[in-house]
Amino acid sequence: MANTTLTADVIAKEAVMILENSCVMGGLVYRGYEEEFGRRVNGYTIGETTSVRRPADFTVRDGATASAQDVVEGKFPVTVDKQKGVDFKFTSADLTLQIADLSERVIKPAMVQLANQIDRDLFALYKHVPNHVTIPAGGINSFADFAIAAERMDKVGVPQDGRCAVLSPADHWALLGSQTALNIQEPAKGAYREGRLGRIGNIDTYMSQNVPVHTTGSRTGTDLVDLTIVDGTFTWATVKDATAITIHIDGTNGAADTVKAGDTFTISDVYDVNPVTKAPLAHLKMFTVMADATMSSNEGDLSIWPPIILSGAQKTCHLSTGSDINDNIVTWQGTAATAFTQNLFFHKNAFSLVMVPMVAPPGAVDVSRHHYKGYQVRVIPYYDGANDVSNWRLDVLYGVKAIDPRLAVRASLAADLS
């Protein structure tokens, strides 16, 4: 077969298909916000933002007498703020290769790197997820271990459809080994021959080497809430557009102990509630720290989520004893200054990826932009005539967002980075 001179258009088409095929998290999260950006015609720039509404919530009245409720919707920003790319050079001889040769040698390795970057950016959203369960020693090596996170998803009202789990390689292979021993021919055959776990307990299960590892802060001691928090201290009306609230703690052992974004904790007597009925659940409410903090003289402010709302349609917590959370005990999850793998169980609506087409710059010649299944790639060549070398830049532009972290659960095990 005669060789074909490769163009920006040919390379862009091949690149965007490889990108789609190489992403793990990118294919599991919500993609609908691209429509919010779809009104633009001439491309997009870093920093473009659209506002997305948070859903309203309501309480059920008792009896025939109407009791109209205000519709109070919050909003949060989704920003396209990540421009990533890979740049490479081709000689004129290279550009007369078959696309299959060039794809395997150059385009595929480049797009695999980009796909992994997109996945890492999505995985980094784990810090926004407050729900957090601990897996027993040995990792996720049985269905019972896997079910710990799945059970928490049920308890906090995560919808049954569209559930996914992404496990670290160690947990993936540990669980895979347990499945090959099952006396169920077809699933066990897939697990043994293909290393594929498939759907477990109505959860589509995947593996990624990009599953993050979180290192906790140095926080130690008997920490206490040092702030009057009663019914009405935080209300939906005051936090509906916020991404964090601030509380104060004291009692840390180290005068300058650190707390890391992504650290999770519970507060004594503060229980979780069913997100629909608002009935108290049997486990304490979990909170996640939204920004790094360093204590001063054994105390300091923490930026946390979700908000502590003790009544109403947007109730998030139930206080079982007393009327004030001040001086209640803060209990951190995980040993201080230790690394923990963050396996993620989530509904697709917990996180979002927004990928948009980039502008064809004025003055650039032979610009190619292609999309495939929601992925967008731009390719621009520019020629070095002195050396007969074609320089190529390949760019993507996207944003990631934790849109409803209530719909996700982290599953951590004891640190093992070997």
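Just a few scattered comments:
- Pairing each residue of region 224-245 that is surrounded by fewer than 20 Cβ atoms within 10 Å (Cβ to Cβ) with any residue that is of a type in the set (Lys, Arg) and not in a loop (DSSP other than H, G, I, E, B), provided the two are 6+ apart or on different chains, yields C-beta distances under 8 Å for Lys240/Lys75; Asp241/Lys75.
- Scanning region 248-292 for residues that are in a loop (DSSP other than H, G, I, E, B), over 28 Å from Glu73 (Cα atoms) and at pLDDT 95 or above returns Lys260, Asp263, Asp292.
- Region 224-247 - residue that is outside any loop (DSSP other than H, G, I, E, B) and at pLDDT 95 or above and, of those, nearest to Ser323 (Cα to Cα): Val225
- Scan of region 120-144 for residues that are assigned to a helix (DSSP H, G or I) and at pLDDT below 95, ordered by number: Phe143, Ala144
- Applying a threshold of 7 Å to beta carbon distances and a minimum spacing of six or more residues, or different chains, the list of pairs starting in region 260-271 at a residue that is outside the structural domain of Asp324 (by TED's automatic domain parsing) and ending at one that is assigned to a loop (DSSP other than H, G, I, E, B) and surrounded by fewer than 22 Cβ atoms within 10 Å (Cβ to Cβ) is empty.
- Listed by position, the strands (runs of 3 or more DSSP E) inside region 304-399 whose residues that are of a type in the set (Asp, Glu) number at least 1 are 375-384.
The values are calculated or read from the model by the stated rules, or taken from the named source; none is laboratory data. These numbers were taken from a predicted model, which means no experiment stands behind them. All Cβ positions, glycine included, derive from the backbone under ideal geometry; neighbour counts span all protein chains shown.
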